[in-house]
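Colleague: One structure follows; several queries about it will come next.
The values are calculated or read from the model by the stated rules, or taken from the named source; none is laboratory data. Please read these numbers as outputs of a predicted model, since none were measured by experiment. A quick note on method: Cβ atoms are made from the backbone with ideal geometry, for glycine too, and the neighbour counts reach across all protein chains shown.
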Amino acid sequence: MKGLVWWIFAGFVAGIAFGAIFGQSEIAGVKAIDILKPFGDIFLRLLQMLVVPLIFSTLIAGVVSIEPKRVARIGVSTLVLYLITTVIAISLALSLALIIKPGVGMSLAYAKEATVSQPSMVDVLVGIVPKNIVDSMAKGDILPVILFAILFGIAISLVGEKADPVRRFFDSFAEVMYKLVELVLYFAPIGVFALIAYNIGQQGISILIPYGKLIGTEYLALALHALIVYSAVVILSGKGFLNFWRAAKDPAVFAFASRSSSGTLPITMRAADELGIERSIYSFTLPLGATINMDGTAIYCGVCAIFIAYAFGIEITAPMIMIIVLTATLASIGTAGVPSGGLIMLVMIIGAAGLPIEGWGLIAGIDVIMDMGRTCINVVGDLSVTSLIDRFER
Ligand code: ASP
């Protein structure tokens, strides 16, 4: 397992190089990256395959092991910390975007027609309560699964001795799921290589030029947020700065390659384990974070909104900024942890801020590049807050 980490990292670096060099090359009339694509897809599917049973079993096992009152306390402090870090993220993104001014002088010829509808926030909130848990599991709707697992775990605790067989069953189920994660990871070096090579190759490096300022602003905000905010959180958590970043490297690489917080969840959980975080805590905070805590997505939304305003020569007013802060925070909660989930949410922000929807078409084409970085930060954010919660609970 130890050596595997380096193989995964090698796959990551080789994937970037391969995508950049051979992205457009063809072998017997077929694009090289298209040959690699199925390997990446298989790996992503393997990770996604783990998500629902992993969350379900580990969350039940975790909730059962702590008293109901403590579950409520952990829940509230996790939500508050997730929210605070997200608001800082969007504020930082807006400040940087206003200084760097991406979008000034942008050629609007790149704008494509936008045809997406705006998701309603109320529907997202009501949807947290499952109508049918099997249906939610089948669809991979994480929040309803989390809610059901928490309630189920509390019920087991309340029943007491008579529920012992159920408790033991989920305990052992969770152990088996952790083992399955380990097995899937053996495929990771190839999977990561294929995913990265495909992402980079498909996007092409030349696209970066007209969008350089936008992408640069996003990545700068992401990096600063990680370096300042997460480092501060980690120092407060007492986990050790280097220790944390060493453990966070794996989920960060996976998130970058897979562009999915939910898909990365099994690896984020392993990293939390490595950091010595109590299982009953991370089995609760991480699935929740993978679904509702997306600092990277909030940063992306903020930077893109300002980019569109500059590109279309629209005056940026204080009320507009307020609306962007509010809607980007809501969007980061409502965004699904899947590739390009945030791109759909961006529609809501553009609409609410009164920006032209054609601006969305301007950005959609480069989403792969923008998604890799933001997903990476989404995942590291979950891990850092989880470290701090672990400190509170000791
Ligand atoms: N891909 C991101 C994630 O899974 C969501 C987004 O598109 O912003 O975390």
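Colleague: With the checklist (1) within 30 Å of residue 244 (Cβ to Cβ); (2) part of a helix (DSSP H, G or I); (3) in contact with a Lys or Arg (Cβ under 6 Å, 6 or more places away or on another chain) in hand, flag the one item residue 361 doesn't pass.
Modeller: (1)
Colleague: With 316, 321 as the choices, which residue is assigned to a helix (DSSP H, G or I) and either more than 9 Å from the ligand (Cβ to nearest atom) or more than 30 Å from residue 249 (Cβ to Cβ) (or both)?
Modeller: Values: 316 fails: assigned to a helix (DSSP H, G or I).
Answer to the selection: 321.
Colleague: Considering (1) closer than 30 Å to residue 215 by Cα; (2) assigned to a helix (DSSP H, G or I); (3) at pLDDT below 80, say which one residue 122 fails and leave the rest.
Modeller: Just one mismatch for residue 122, condition (1).
For every residue, the table says whether it meets (1) among the small types (Gly, Ala, Ser); (2) within 16 Å of the ligand (Cβ to nearest atom); (3) in contact (Cβ under 8 Å) with a residue 60 or more places away in the chain.
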site: 223; (1), (2), (3): yes, no, no
site: 231; (1), (2), (3): yes, no, no
site: 241; (1), (2), (3): no, no, no
site: 254; (1), (2), (3): no, yes, yes
site: 262; (1), (2), (3): yes, yes, yes
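Colleague: Shifting gears a bit: Residue 379 - would you say it is within 11 Å of the ligand (Cβ to nearest atom), part of a helix (DSSP H, G or I) and closer than 30 Å to residue 202 by Cβ? Write out each step before concluding.
Modeller: Numbers: within 11 Å of the ligand (Cβ to nearest atom): yes; part of a helix (DSSP H, G or I): yes; closer than 30 Å to residue 202 by Cβ: yes.
In short, yes.
Colleague: What is the number of the single condition among (1) closer than 22 Å to residue 252 by Cα; (2) more than 11 Å from the ligand (Cβ to nearest atom) that residue 350 does not meet?
Modeller: Failed condition: (1).
Colleague: Determine whether the stretch 303-310 contains at least one residue that is within 13 Å of the ligand (Cβ to nearest atom) and at pLDDT 95 or above. Spell out how you get there, then give the answer.
Modeller: From the stretch 303-310, those within 13 Å of the ligand (Cβ to nearest atom) are 303-304; that's our starting set.
Filter once more, keeping what is at pLDDT 95 or above: 303-304.
Scanning the stretch 303-310 turns up at least one residue that is within 13 Å of the ligand (Cβ to nearest atom) and at pLDDT 95 or above.
Colleague: Out of the residues in the stretch 342-370 meeting the condition of being within 25 Å of residue 141 (Cα to Cα) and buried (at least 24 other Cβ atoms within 10 Å of the Cβ), tell me which one is farthest from the chain's Cα centre (by Cα).
Modeller: Here is the first cut: in the stretch 342-370, the ones within 25 Å of residue 141 (Cα to Cα) are 342-349, 364, 367-368, 370.
With the extra rule that they be buried (at least 24 other Cβ atoms within 10 Å of the Cβ), the set shrinks to 342, 345-346, 349, 370.
Details: 342: 10, 345: 14, 346: 15, 349: 19, 370: 12 Å.
Filtering the stretch 342-370 for residues that are within 25 Å of residue 141 (Cα to Cα) and buried (at least 24 other Cβ atoms within 10 Å of the Cβ), the one farthest from the chain's Cα centre (by Cα) comes out as 349.
Colleague: Follow-up question, since we're still on this one. State which residue is nearest to the ligand (Cβ to nearest atom) when the search covers only the stretch 268-280 and only residues that are in a helix (DSSP H, G or I) and buried (at least 24 other Cβ atoms within 10 Å of the Cβ). Before you say what the answer is, go through the steps one by one.
Modeller: Taking the stretch 268-280 as the starting set, the residues that turn out to be in a helix (DSSP H, G or I) are 268-274, 279-280.
Restricting the remaining residues to those that are buried (at least 24 other Cβ atoms within 10 Å of the Cβ) gives 268-269, 271-272.
Values: 268: 11, 269: 15, 271: 16, 272: 17 Å.
Only one residue fits best here, namely 268.
Colleague: Separate question: Where residues in the stretch 139-186 are touching a residue at least 40 places away in the same chain (Cβ under 8 Å) and over 24 Å from residue 263 (Cα atoms), which of them is nearest to the chain's Cα centre (by Cα)?
Modeller: Result: 154.
Colleague: In addition: Among what's in the stretch 324-341 and is surrounded by 22 or more Cβ atoms within 10 Å (Cβ to Cβ) and farther than 15 Å from residue 296 by Cβ, pick the residue that is nearest to the ligand (Cβ to nearest atom).
Modeller: 327
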